[in-house]
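Quick notes on the structure that follows.
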Amino acid sequence: MRRLNIILLALIMFISLGASAEKVVQDNSGPVQAIQTAIVKLNQLISMVYSPRMLNSFVEKEIAPLFDFNHIANEAFLVTNNRLSEKETKFFVNRLKDNMMTTLLARLSQVNSTSFQFISARPVMSDAIAVQLKVKRYTSYGGIYLDLLFHQNKDKKWQIFDIIFNNDSLINFYQKMILIKVRRYGIYGMLGRL
């Protein structure tokens, strides 16, 4: 669970990404410029007073669109060797999205004095970019490093499809959780308990 908390802490940085994401898409820029701009805005946002209503709205309108939830859900569900109907797939994607955003909001309410620093961006796999960030002052030992993986979705929009922390990823976390729940409750039981 601590690993998920750290991975989802990285999601917090997307609060400021949302403000610049539409501009990046319109300017045909890549994710690197969006990340650099986002870090400045994120650090300003973290210093603001916490308002649940404002954060809920911001996360829904600005943060959620930055993620390729369809890709994350498809990759996470692969471990079951099962197929879902179109309606079930849509339900699963929405449950996964709700789970991620709820955890993000919970983490967001606990963060104070954390800041983010852009470290590097590099191409990985086929047409994907890994953006490394340092999360400063998250632990008493200093900072931690995260890789945010971007790709272009089918509409050619840059979106985050995975987050890597300590050689583990958000998709791997959900794969493990889904396998446990499917073994315990079956496919439909897992869908209700995600």
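The values are calculated or read from the model by the stated rules, or taken from the named source; none is laboratory data. Just so we're clear, the structure is a prediction, and the values are computed from it rather than from any experiment. All Cβ positions, even for glycine, are placed from backbone atoms using ideal geometry, and neighbour counts span all protein chains on display. Areas reflect the complete protein model, heavy atoms only, side chains present, ligands, DNA and RNA absent. Shrake-Rupley method; radii C 1.70, N 1.55, O 1.52, S 1.80 Å.
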Residue 128 passes all but one of (1) modelled with pLDDT of 85 or more; (2) among the small types (Gly, Ala, Ser); (3) open to solvent by 40 Å² or more (accessible area, probe 1.4 Å); which number fails? (3)
Starting from region 69-84, take each residue that is charged (D, E, K, R) and list its partners that are surrounded by fewer than 16 Cβ atoms within 10 Å (Cβ to Cβ), counting only C-beta distances under 9 angstrom and pairs at least six apart or across chains. 83/89
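Results for (1) under 19 Å from residue 69 (Cβ atoms); (2) of a type in the set (S, T, N, Q); (3) modelled with pLDDT under 90; (4) not in a strand (DSSP E or B), shown as yes or no for each residue.
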{"position": "104", "(1), (2), (3), (4)": "yes, no, yes, yes"}
{"position": "113", "(1), (2), (3), (4)": "no, yes, yes, yes"}
{"position": "119", "(1), (2), (3), (4)": "no, no, yes, no"}
{"position": "134", "(1), (2), (3), (4)": "no, no, yes, no"}
{"position": "144", "(1), (2), (3), (4)": "no, no, yes, no"}
{"position": "154", "(1), (2), (3), (4)": "yes, no, yes, yes"}
{"position": "177", "(1), (2), (3), (4)": "yes, no, no, yes"}
Determine which member of the set 180, 119, 160 is more than 19 Å from the chain's Cα centre (by Cα) and of a type outside the set (Phe, Trp, Tyr). 180
So, residue 74, is that one open to solvent by 20 Å² or more (accessible area, probe 1.4 Å) and either at pLDDT 85 or above or within 18 Å of residue 154 (Cβ to Cβ) (or both) or not? yes
Within region 168-181, which residues are more than 13 Å from residue 95 (Cβ to Cβ) and open to solvent by 30 Å² or more (accessible area, probe 1.4 Å)? 172, 173, 175, 176, 179, 180
Any chance residue 55 is at pLDDT below 90, in a helix (DSSP H, G or I) and within 15 Å of the chain's Cα centre (by Cα): no
